[in-house]
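Structure, as structure tokens:
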Amino acid sequence: MAAHDPRPQGKAPVHAPLTDRVNSEPPIINGMAASEAGYIGGVSFAVSLFIGAVVAFSTGFWIAAPILCVVVPFMVLWYSSLYLQEVKRNRPEGYYLHWMHFILVSHKLAKPKFLVHDGRMQLGCSYRMNSIKAEAKLSETK
């Protein structure tokens, strides 16, 4: 004899939605999001337009510019999506964006958005207050 099942018969069990990916962009090409594809496609289009213009002016073959502007961005998008797939694998959401920001901060090309190396937050008021306190301490020691 079968055990009594209190669920209504004929209905599928209800599963909880996966909420960890609710606010993330859906992947479109090998795990690459639409914004990433837009950035990479725009830069590769600009570079291929320059290269196509140089080829068109040097050879007189004017059709080279539009052909390069169409073919090169697709190739760059495909291979960069494969590279990003390796970079993103087994990493948390937005890992490589934080990694690139860290590289820019370490070369002093950007301001730190998160914790800076001495442990304080990089926020407008707290940063100003910490610098005022540091100046006050410095003037006391003189």
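Against the test of being over 16 Å from residue 72 (Cα atoms) and at pLDDT 80 or above, the options 34, 46 yield a single qualifying residue, 34. Summed over the range 49-85, residues that are over 26 Å from residue 30 (Cβ atoms) and either touching an Asp or Glu at 6+ places or on another chain (Cβ under 9 Å) or free of Cβ contacts under 8 Å to residues at least 12 places away in the same chain (or both) total 10. Kindly provide the set of residues from the range 54-65 that are exposed (fewer than 13 other Cβ atoms within 10 Å of the Cβ), part of a helix (DSSP H, G or I) and either in contact with a Lys or Arg (Cβ under 7 Å, 6 or more places away or on another chain) or not β-branched (Val, Ile, Thr) (or both), ordered by number. 57, 58, listed by residue number. Scanning the range 96-110 for residues being open to solvent by 80 Å² or more (accessible area, probe 1.4 Å) and closer than 15 Å to residue 33 by Cα gives a total of 1. Against the test of being modelled with pLDDT of 80 or more, under 30 Å from residue 55 (Cβ atoms) and of a type in the set (A, V, I, L, M), the options 104, 109, 68 yield a single qualifying residue, 68.
Before we move on, is residue 8 modelled with pLDDT under 85 and under 29 Å from residue 93 (Cβ atoms)? Here the answer is no, as residue 8 does not meet what is asked. In a residue-by-residue description of the range 86-94, the property of being open to solvent by less than 80 Å² (accessible area, probe 1.4 Å) and either out of contact with any helix residue (DSSP H, G or I) (no Cβ under 6 Å at 6 or more places or on another chain) or touching a residue at least 60 places away in the same chain (Cβ under 8 Å) (or both) applies to at least one position. Figure legend. Inter-residue proximity from the range 23-48: first residues assigned to a loop (DSSP other than H, G, I, E, B), second residues surrounded by fewer than 16 Cβ atoms within 10 Å (Cβ to Cβ) and not polar (S, T, N, Q), beta-carbon distance below 9 Å, spacing 6+ or different chains. Indicated pairs: 23/93; 24/93; 24/94; 25/34; 26/34; 30/78; 30/82; 31/89.
The values are calculated or read from the model by the stated rules, or taken from the named source; none is laboratory data. All figures in this text were calculated on a predicted structure; none of them were measured in a lab. Backbone-built Cβ (ideal geometry, glycine too); neighbour counts: all protein chains shown. The protein model used for the area step is the full one, side chains on, heavy atoms only, and it has no ligands, DNA or RNA in it. Shrake-Rupley method; radii C 1.70, N 1.55, O 1.52, S 1.80 Å.
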